[in-house]
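What follows is a single structure, written as structure tokens, with notes after it.
The values are calculated or read from the model by the stated rules, or taken from the named source; none is laboratory data. These numbers come from a predicted model, not from an experiment. We place every Cβ from the backbone using ideal geometry, glycine too, and count neighbours over all the protein chains shown.
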Amino acid sequence: MTEETASRGETEQDDQQQVPKYYIDESWFERVGRSLQHLIESRVAEPGDVQDKPAKRRRKKAAVSMADLAQIEGFVNPELPLLEAIFRLLLVHENKPMDVEQLSQELAERGIGIRDARPVDAETLIRVLANDDYYGLAQLGKA
């Protein structure tokens with residue numbers, strides 16, 4: 001291995017380490033007294049579902065898993081606000097950390113953009129993700 005090749009390999013490794021990855025921090029929900037499972041279930045509730053507590057107890061639905069969400073047609077769609085779409089993308093990918101480039105690409109593939117459907121660039125995503133205080137989105141390595 002030449003010095004140039006070794007140097008290039010180190011630079012590529014440094015670039016990969018500098019690209020922030022994001023995920024849903026399940027411990028954040030515990031810290032703020034909220035339920036991630038409830039948030040997920042509220043995203044898959046059927047229109048007309050009865051919302052009173054006795055009815056919920058009678059139904060005793062099985063918990064919805066993240067893997068199930070990928071099978072729901074339209075679960076991630078262009079009508080969603082940006083943070084909601086990101087939250088749902090992470091759910092569909094079973095909360096596997098994704099970097100802003102991956103998120104931007106998936107959002108674009110699904111037709112999700114800003115106002116006039118312009119693609120969401122990495123800088124905008126970083127800024128939006130840094131200001132989340134509802135979905136428990138966190139940067140990997142920072143908690």
Number of positions in the stretch 39-69 that are at pLDDT 85 or above and surrounded by fewer than 13 Cβ atoms within 10 Å (Cβ to Cβ): 1
Any chance you could count how many residues in the stretch 100-121 are surrounded by fewer than 16 Cβ atoms within 10 Å (Cβ to Cβ) and either in a helix (DSSP H, G or I) or modelled with pLDDT of 95 or more (or both)? 4
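With the structure loaded, tell me whether Leu90 is in a helix (DSSP H, G or I) and modelled with pLDDT of 95 or more or whether it fails that test. Talk me through it step by step, then tell me what you get.
Values: in a helix (DSSP H, G or I): yes; modelled with pLDDT of 95 or more: yes.
So Leu90 passes the test.
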Name the pairs whose Cβ atoms lie under 6 Å apart, with the first residue in the stretch 5-32 and within 26 Å of Ile86 (Cβ to Cβ), the second at pLDDT 75 or above and part of a helix (DSSP H, G or I), and 6 or more positions between them or separate chains? Tyr22/Leu129; Ile24/Leu90; Glu26/Leu36; Phe29/Leu36
Since Arg34 meets every condition but one in (1) surrounded by 11 or more Cβ atoms within 10 Å (Cβ to Cβ); (2) at pLDDT below 90; (3) among the basic types (Lys, Arg), which condition does it not meet? (2)
Taking the stretch 60-108 only, how many residues are closer than 23 Å to Ala130 by Cβ and over 12 Å from the mean Cα position of the chain (by Cα)? 5
